[in-house]
Amino acid sequence: MQIVKTKTELGRILDGHRKSSETIGFVPTMGALHAGHLSLIAASKKVCSITVCSIFVNPTQFNDKSDLEKYPRMPEKDAEMLEKAGCDILFMPEVSEIYPKTDTRKFDFGYIDTVLEAAVRPGHFNGVAQVVSILFDMVKPDKAFFGQKDYQQVMIIRELIKQLKLKIEIVGCPILRDADGLAMSSRNLRLSKEERTAAALIPKVMLGAMQLKESGRNMGQIYAYVEKKLDPNPIYNLDYFAICEADTLKEVSSFEPGKAYIALIACFVGNIRLIDNLSLNSLS
Ligand code: PAF
């Protein structure tokens, strides 16, 4: 695996591959890698000749500066994992390489950038769009791979591609879960032992919500169930739970046959904010 720090070197290497008609797969990350990230590398390797992974903790997507400071950084361990996973190129730029000057671009993604994560983390997706568009310009991949745990992020990136008229295929990959169902996330590393055990209730509540939908309960009953499950224990602080149309993120008050729905949740466990989602159509 080649470890590259500058866009000039990256461009030179990738141009060589492009000249020999190799397809380039790209997995952008912020490091602190886990099996979920490695599944993205595996998905890329399956269909592309060259897989590039970037590790860059992007300052512009953190509206909480202490979250940025506390973001786990373990570049040596990450590089080892990527090497073992068969990643071809690891791009680890410095902040000055990505942002030689302040990026003042403001994107307009409409409704999907006003709800859920966007409502709670103003400016977050603008920062994601800034860095992803810069990385796409540097890597020029044929395909880019993202985890569906960040469901709203994947929708934003699809919209970004449309707006910038980029010919990059965005591949959304399934959420990887620990044995107790908790969605894998770099943030899980920051949970204490007690919080980690408690966090397993989040996917259970999501499955419970799905089962209630399947048994014909109405929306009010489903929301009440989720709140009631999490409420008694002060370790949880529910940020949002919402059932939305899967393709628009519009929150719904009832289910219509034949439509695709998704349940999305953000919940603090102690001080750590975790997100998860579940398609509500898998059992129907
Ligand atoms: O999902 C992430 O890890 C980040 O938001 C991304 C896409 C790498 C942009 O910094």
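The values are calculated or read from the model by the stated rules, or taken from the named source; none is laboratory data. Quantities reported herein were computed from a predicted structural model and do not represent experimental measurements. FYI the Cβ positions are ideal-geometry reconstructions off the backbone, even for glycines, and counts take in every protein chain you see. The area values use the complete protein model at the heavy-atom level, side chains included, leaving out ligands, DNA and RNA. Shrake-Rupley method; radii C 1.70, N 1.55, O 1.52, S 1.80 Å.
Summary of values
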quantity: Residue among LEU238, LEU264, LEU230 that alone is farther than 16 Å from GLU117 by Cβ and either in contact with a strand residue (DSSP E or B) (Cβ under 7 Å, 6 or more places away or on another chain) or among the hydrophobic types (A, V, I, L, M, F, W, C) (or both); calculated: LEU230
quantity: Test result for LEU135, more than 13 Å from the ligand (Cβ to nearest atom), open to solvent by less than 30 Å² (accessible area, probe 1.4 Å) and in contact (Cβ under 8 Å) with a residue 24 or more places away in the chain; calculated: no
quantity: Test: residue in segment 41-52 that is within 16 Å of the ligand (Cβ to nearest atom), open to solvent by 10 Å² or more (accessible area, probe 1.4 Å) and closer than 25 Å to ALA129 by Cβ; calculated: yes
quantity: Test: residue in segment 184-206 that is within 16 Å of the ligand (Cβ to nearest atom), in contact (Cβ under 8 Å) with a residue 24 or more places away in the chain and in a loop (DSSP other than H, G, I, E, B); calculated: yes
quantity: Counted residues, segment 83-108 - those being crowded, with 19+ Cβ neighbours inside 10 Å and not aliphatic (A, V, I, L, M); calculated: 4
quantity: Selection count where residues are more than 16 Å from the ligand (Cβ to nearest atom), open to solvent by 30 Å² or more (accessible area, probe 1.4 Å) and under 26 Å from PHE62 (Cβ atoms), scope segment 169-183; calculated: 2
quantity: Pairs where the first residue, in segment 159-173, is outside any loop (DSSP other than H, G, I, E, B) and the second is at pLDDT 95 or above and open to solvent by 60 Å² or more (accessible area, probe 1.4 Å), C-beta under 6 Å, 6+ apart; calculated: ILE170/ARG158
quantity: Count of segment 1-13 residues which are out of contact with any Pro (no Cβ under 9 Å at 6 or more places or on another chain) and either within 24 Å of GLU76 (Cβ to Cβ) or without any contact (Cβ under 8 Å) to a residue 12 or more places away in the chain (or both); calculated: 7
quantity: Residue match in segment 63-71 (condition: in a helix (DSSP H, G or I), touching a Lys or Arg at 6+ places or on another chain (Cβ under 8 Å) and within 16 Å of the ligand (Cβ to nearest atom)); calculated: yes
quantity: Search result, residues across segment 74-129 that are within 16 Å of the ligand (Cβ to nearest atom), more than 27 Å from ARG273 (Cβ to Cβ) and in a helix (DSSP H, G or I); calculated: GLU97
quantity: ILE55 being modelled with pLDDT of 95 or more, open to solvent by less than 30 Å² (accessible area, probe 1.4 Å), under 19 Å from ILE170 (Cα atoms) and away from the ligand (no atom under 16 Å from the Cβ); calculated: no
quantity: Selection count, segment 205-241, where residues are in contact with a helix residue (DSSP H, G or I) (Cβ under 8 Å, 6 or more places away or on another chain), open to solvent by 70 Å² or more (accessible area, probe 1.4 Å) and within 15 Å of ASP276 (Cβ to Cβ); calculated: 1
quantity: Some residue of segment 143-157 being in contact with a Cys (Cβ under 9 Å, 6 or more places away or on another chain), over 22 Å from ILE243 (Cα atoms), away from the ligand (no atom under 11 Å from the Cβ) and in contact (Cβ under 8 Å) with a residue 24 or more places away in the chain; calculated: yes
quantity: Positions within segment 52-76 being without any contact (Cβ under 8 Å) to a residue 12 or more places away in the chain and more than 18 Å from the chain's Cα centre (by Cα), in sequence order; calculated: LYS65, SER66, GLU69, GLU76
quantity: Among the residues listed as LEU33, LEU40, the single one being part of a helix (DSSP H, G or I) and in contact (Cβ under 8 Å) with a residue 40 or more places away in the chain; calculated: LEU40
